[in-house]
Amino acid sequence: MPQVTLEHSTIEYRVLGPDDSAHPPVLFVHGILVDHRLWMKVAEELARNGFRCILPDLPLGSHRIPVDDSVPLTPNTVAEMIHEFIGALDLHDVTLVGNDTGGGLCQLLVDAHPDDVGRLVLTNCDAFEKFPPFPFNAVFATMRGPRSIGLLSTLMKPAAMRHSPLGYGLLLCHPDAALTASWVEPMSSDPRIAANLATLLRGVAAMDLTDVATRLPRFTKPVTIVWGAADRCFTPALGRRLAALFPNVATADVPGARTFVALDAPGAVVDAIANVGARA
């Protein structure tokens, strides 16, 4: 995977689709304890249809290149890394796509740098005071240092635990054991990654998105909210509440899909991204 060196981090990323695409570039933002592969089904289909897709691995716990422990990893600093990443790759008029914690990061980004985003697609994600929602707020509250992160990584080694409601079980319908194992492996194999995750989770615990939500109505560019209707963490009511903030919004409910809509129903996300630019 290529890398880009930013001021405070080095980001690995994948690019799919033609460099000379007629469409605006699509930048995918994942959440905590997943990586770019969350989006691969969506990105591969978009690439086949001529879209250029950029999929970074952000320092959210499943990354492979640790961030120096002097860097204060918080949702705000990671959102600024995404903004710096956009500039480093010289991306313009970006279609920004977020899920889970990544959707919260997208909200921070369009609040701080609205001119650098051409349109926004949010799938099931953090919003308002749900940052994160139950039960993950309780789980993350216990993960404040490398020792507790180490305990978590040990508990998550068996697939049955990884796919339980305290792991990925609430987030997608059919977890892939090899994929979920690879998502938790970095924090168990590299103490620097574990320390990064602990720092980040302390930052998550210290904030919510309620204040940011008061300014999201200023973002008047096209927004599409694609929401898995079977999600028990980020409920459809939260999606409707988020959609109501944006003046130029379309919504799509996805029956049977949970938080990771891009894995449960990739076609719905592909359609949303392909069509969001039509509402200029």
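Against the conditions (1) surrounded by fewer than 24 Cβ atoms within 10 Å (Cβ to Cβ); (2) over 23 Å from residue 143 (Cβ atoms), where does residue 68 fall short? Just the number, please.
Going through (1) surrounded by fewer than 24 Cβ atoms within 10 Å (Cβ to Cβ); (2) over 23 Å from residue 143 (Cβ atoms) one by one, residue 68 breaks only (2).
Let's see how each residue does on (1) closer than 20 Å to residue 135 by Cβ; (2) under 18 Å from the mean Cα position of the chain (by Cα); (3) surrounded by 24 or more Cβ atoms within 10 Å (Cβ to Cβ):
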position	(1), (2), (3)
191	no, no, no
197	yes, yes, yes
209	yes, yes, no
217	no, no, no
240	no, no, no
251	no, no, no
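Out of (1) under 30 Å from residue 169 (Cα atoms); (2) out of contact with any helix residue (DSSP H, G or I) (no Cβ under 7 Å at 6 or more places or on another chain); (3) touching a residue at least 60 places away in the same chain (Cβ under 8 Å), the odd one out for residue 15 is which?
Single failed check for residue 15: (3).
Tell me which of these residue 271 doesn't satisfy, since it passes every other one: (1) touching a residue at least 24 places away in the same chain (Cβ under 8 Å); (2) surrounded by fewer than 24 Cβ atoms within 10 Å (Cβ to Cβ).
Answer for residue 271: the failing condition is (1).
To keep it simple, each residue is scored yes or no on (1) at pLDDT 95 or above; (2) over 17 Å from residue 97 (Cα atoms); (3) crowded, with 24+ Cβ neighbours inside 10 Å; (4) of a type in the set (D, E, K, R).
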{"site": "8", "(1), (2), (3), (4)": "no, yes, no, no"}
{"site": "16", "(1), (2), (3), (4)": "yes, no, no, no"}
{"site": "19", "(1), (2), (3), (4)": "no, yes, no, yes"}
{"site": "34", "(1), (2), (3), (4)": "yes, no, yes, no"}
{"site": "45", "(1), (2), (3), (4)": "yes, no, no, yes"}
{"site": "57", "(1), (2), (3), (4)": "yes, no, no, yes"}
{"site": "61", "(1), (2), (3), (4)": "no, yes, yes, no"}
{"site": "72", "(1), (2), (3), (4)": "no, yes, no, no"}
{"site": "85", "(1), (2), (3), (4)": "yes, no, no, no"}
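Sort out which residues of region 100-120 are touching a strand residue (DSSP E or B) at 6+ places or on another chain (Cβ under 6 Å), within 17 Å of residue 212 (Cα to Cα) and not small (Gly, Ala, Ser), and write them in order of number.
100, 105, 106, 110, 117, 120
In region 1-35, how many are farther than 20 Å from residue 117 by Cβ, among the hydroxyl-bearing types (Ser, Thr, Tyr) and not in a loop (DSSP other than H, G, I, E, B)?
So the answer is 2.
If you take just the helices (runs of 4 or more DSSP H) that sit entirely in region 87-191, which of them hold at least 3 residues that are free of Cβ contacts under 8 Å to residues at least 60 places away in the same chain and hydroxyl-bearing (Ser, Thr, Tyr)?
The helices (runs of 4 or more DSSP H) meeting that bar are 146-155, 177-189.
Which of the numbered conditions does residue 178 fail, given that it passes all the others? Conditions: (1) at pLDDT below 95; (2) more than 19 Å from residue 74 (Cα to Cα); (3) out of contact with any Lys or Arg (no Cβ under 9 Å at 6 or more places or on another chain).
(1)
Filter region 129-138 down to the residues that are modelled with pLDDT of 70 or more and surrounded by fewer than 18 Cβ atoms within 10 Å (Cβ to Cβ), then identify the one that is farthest from residue 166 (Cα to Cα).
Applying the filter and picking the extreme gives 129.
Which ones in region 121-143 are within 12 Å of residue 216 (Cβ to Cβ) and touching a strand residue (DSSP E or B) at 6+ places or on another chain (Cβ under 7 Å)? So that I can check it myself, show each step before the final result.
Applying the first criterion (within 12 Å of residue 216 (Cβ to Cβ)) to region 121-143 yields 122, 127-128.
Scanning region 121-143 gives a single hit, 122.
The values are calculated or read from the model by the stated rules, or taken from the named source; none is laboratory data. The model shown is predicted, which means the values in this text are computed figures rather than measured ones. Neighbour counts run over all protein chains shown; Cβ positions are idealised from the backbone, glycine included.
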